[in-house]
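In what follows, a structure is listed as structure tokens, so that the remarks can point back to it.
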Amino acid sequence: YGTSFNNAFWNGQAVVYGSGTGSIQPLTTADIAGHEFTHGLIQKTANLLYSGEPGTINEAISDICGTALEFHINPAQANWELGEQSGQVLRSLSDPEAHSQPACYHGNNWYYGTGDAGGVHINSGFLNKWFYFLSQGGQGTNEFGTPYQVAGIGIENSTALVFHTLTAYIVPTSGFIAFRQFTLQSAIDLYGNCSPE
């Protein structure tokens, strides 16, 4: 699509890929393709509004599914960055702050403006980090001084939980509080009450 267009997007009916620019290849990598097709899946299931909290959840689920696709296709070479095989890293699920995204809710880099449909591409970082911890686990102290220790449940179980949440519970206006409640319910649905998951 276009000339020297360095992007890819879901247009409501199809995924559109630009031709890239200079050293940046077209954004046709598995993780980006998975991201864009997930927008189509979201449209046909929860149909999340594309602004504010619902739009941020939309972007995060798309990043999550794109990353999960890369791990499914090529687990030996997969990583937690989006788009790196095109010649540029767009976002990182393991380190959102490296790309000016927040790693915590209302944390560093949180966007409060109206651009980018209320910061949907920016603020999705904290949900991406949640998925990374859900899959891989981790421990430390966050930027607010709160210590954490998470035992990961693996990327396959984590992806199944997000998919179930999307298709069973999320509605167009779902926000962050609802997303939290829905993922907890999905864990009970899939793995049982008080399970490690």
The answer for segment 95-157, accessible area per residue at 1.4 Å probe in Å², is 52 Å²
Relative contact order, percent, of segment 45-168 when contacts are C-alpha pairs under 8 Å separated by at least 6 residues?
24 percent
Could you tell me whether segment 39-133 comes out rounded, prolate or oblate from its Cα gyration tensor? Rule is a ≥ b ≥ c as square roots of the eigenvalues, rounded for a/c under 1.5, then prolate if a/b exceeds b/c, otherwise oblate.
oblate
Give me the distance between the Cα centres of segment 166-190 and segment 135-160, rounded to whole Å.
19 Å
Working from the pairwise distances between different alpha carbons, so that the mean of 1/r is found and then inverted, what is segment 103-197's Kirkwood radius in Å?
14.5 Å
On alpha-carbon atoms, Rg over Rh for the chain using Kirkwood Rh?
0.95
Over the chain, with a Gaussian network built from C-alpha contacts below 10 Å, which listed residue (ALA30, ALA60, ALA76) shows the highest mean-square fluctuation?
ALA76
Cα centroid distance between segment 85-127 and segment 1-36, in Å?
19 Å
If I take every Cα pair under 8 Å that is 6 or more residues apart in segment 1-86, average their sequence separation and divide by the length, what percent do I get for the relative contact order?
27 percent
Taking 8 Å as the Cα distance limit and 6 or more residues as the minimum spacing, I'd like the relative contact order of segment 120-187 as a percentage.
23 percent
For ILE57, ILE155, ILE73, the accessible-area ranking with a 1.4 Å probe, largest leading, is ILE73, ILE155, ILE57
³J(HN,Hα) across segment 164-169 via Karplus (A = 6.51, B = -1.76, C = 1.60, θ = phi - 60°), whole Hz, x for Gly/Pro?
4, 4, 4, 8, 9, 10
Accessible-area value, ARG91, 1.4 Å probe, nucleic acids and ligands omitted, Å²:
30 Å²
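The values are calculated or read from the model by the stated rules, or taken from the named source; none is laboratory data. Since the structure is predicted, the reported quantities are computational estimates derived from the model, not experimental observations. Remember, those area values only see protein heavy atoms, side chains included, never the ligands or the DNA or RNA. Shrake-Rupley method; radii C 1.70, N 1.55, O 1.52, S 1.80 Å.
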